[in-house]
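Have a look at the structure below, then the notes.
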Amino acid sequence: MKKLWLSALLLVGSLSMPIQALAQPQIGSVKALLQKMGQTSQSSTYELSFININSQGIVPIRYRHTLIDGKPLAQLMQMDSTRREIVQRGDEISYFEPGLDAFSLRNDHIVDYIPSIIYQDFNQLSVYYNFIDAGRTHIGDIPSRVVRVLSKNNDRYDYVLFIDEERYLPLRVDLLDKNNDIIEQFRVITVNEGSEVETELNSLRTVNMPPLLLVPKAKPLVYNWSVSQLPEGFKEVKRSNHQISETEFSQSILFSDGLFDFSIYVNKSGQQVNSPERDKMLRYGRNTIYTYHKEGNEITFIGQLPFSTAQTIVNSVVFTKK
């Protein structure tokens, strides 16, 4: 698998070369192109066979989508290994995996393996990102527009999108770190359209779906710490307590801007001295893990942001006396 992953990275690197060679001056409205891509992805009838390439390997996927009575009907199937399947009917997403109990959640789209940037409000995203027209190229012999989505403050990861000029579907999406290295890639192999796709999906209308998982309302949690410096657009989503041992708990807060998520975990460490030597940093795919000791507490960042941003956030955690 390691050799396969290395080969994929070399292939990805070579495929990025024609972008500069084919780059042209501005062609129309880039934001309008991105909005058209998002609308088409959520309203058209199509089938994509694609691969998702990340640090864990290469996963082949088939994704079908249509609208029935104005509501989305979609199916995502992992083509290797366990044949994991995800089905969307309206705002219910159902998960099926051999050996596990099936369940359903509420959401407006399938989030697994499909880049979340496809579903974003690009007017809102323009507050944090610049959209750059990088010209034209070909993906699988399909003429494509290339758009670079670059973080204005360098506090988020960047994207390069390749969009089908005729159908406006995403053909390739690269997630880039601050060194312009590809962290993750979504790459379409084949595209199909027409009545056959709708016919295949129609059979899912009568299938009994598993019950919705109901998340009980949690009592408000009050912590003696807070994050004083967040990248613009991030908001608190959820607070949780996690049991580490019989007598010890870790507190956490989840933040999101709709595109990226991260969590801050805090638990007692007993180390009173703040020291950079105790910093621990690891990147696993798109996720950064950063740990820092402060005022007798261990603070850990786990999320989808560059290391420098994670470090700034963790260092901004302040404690108050109870």
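Could you tell me the relative contact order of the chain? Use alpha-carbon pairs under 8 Å, at least six residues apart, and round to a whole percent.
14
Percent of accessible area on the chain owned by carbon and sulfur, 1.4 Å probe?
50
Against the globular-protein guess of 2.2 N^0.38 Å, express the Cα radius of gyration of segment 108-185 as a ratio, rounded to two decimals.
Against the empirical 2.2 N^0.38 Å value, I get 1.09 for segment 108-185.
Could you run the Debye sum over the Cα atoms of segment 174-248, one equal point scatterer each and no solvent, and tell me log10 of I(q)/I(0) at q = 0.17, 0.21, 0.24 Å⁻¹, two decimals?
Evaluating at q = 0.17, 0.21, 0.24 Å⁻¹ gives log10 I(q)/I(0) of -1.01, -1.07, -1.19.
Kyte-Doolittle cut-off -0.5, length cut-off 18 Å along the helix's own axis using Cα: show which whole DSSP H helices in the chain pass.
Both cut-offs are met by 2-15, 30-43.
Can you tell me the FRET efficiency between Asn315 and Thr199 if r is taken as the Cβ-Cβ distance and R0 is 56 Å, rounded to the nearest 0.05?
That gives a FRET efficiency of 0.50.
Normalised by the number of residues in segment 20-139, what is the relative contact order in percent for Cα pairs under 8 Å and 6+ residues apart?
Value for segment 20-139: 26 percent.
At a Cα cut-off below 17 Å, give the lysines reachable from Lys321, other chains included and same-chain residues fewer than 8 away excluded.
Answer for Lys321, where 17 Å is the Cα cut-off: Lys268, Lys294, listed by chain and number.
Given a 1.4 Å probe and heavy atoms of the protein chains only, how would you sort Lys321, Lys178, Lys268, Lys238, largest accessible area at the top?
Lys321, Lys268, Lys238, Lys178
So I have (1) 5, 22, 29, 26, 13, 4, 0; (2) 5, 19, 18, 12, 12, 14, 10, 5, 2, 2, 1, 0; (3) 5, 21, 23, 22, 17, 9, 3, 0, and one of them is P(r) over Cα pairs in 10 Å bins from 0, in percent calculated from this model. Which one is it?
Read-out from the structure maps to (1).
To the nearest 0.05, what FRET efficiency results for Ser226 and Arg286 with a Förster distance of 22 Å applied to their C-beta separation?
After rounding to 0.05, the efficiency reads 0.30.
Label Ser116 and Ser43 with points 7 Å out from Cα along Cα→Cβ: what is the distance between them in nm?
Distance between the two pseudo-spin positions: 2.5 nm.
If the label point is 7 Å along Cα→Cβ of Glu165, which residues in segment 35-76 have backbone nitrogen under 20 Å from it?
So the set is 35-38, 40-41.
Return the sequence-ordered ³J(HN,Hα) values of segment 225-234 in whole Hz as given by the Karplus equation 6.51 cos²θ - 1.76 cosθ + 1.60 applied to θ = phi - 60°, using x for Gly and Pro.
9, 8, 9, 8, 9, 10, x, 4, x, 7
The values are calculated or read from the model by the stated rules, or taken from the named source; none is laboratory data. Predicted, not measured: the structure shown is a model, and the values here were computed from it. Don't worry about glycine lacking a Cβ; one is built from the backbone with ideal geometry, like all the others, and counts go over all protein chains shown. Keep in mind that these areas ignore ligands, DNA and RNA; they rest on the heavy atoms of the full protein, side chains included. Shrake-Rupley method; radii C 1.70, N 1.55, O 1.52, S 1.80 Å.
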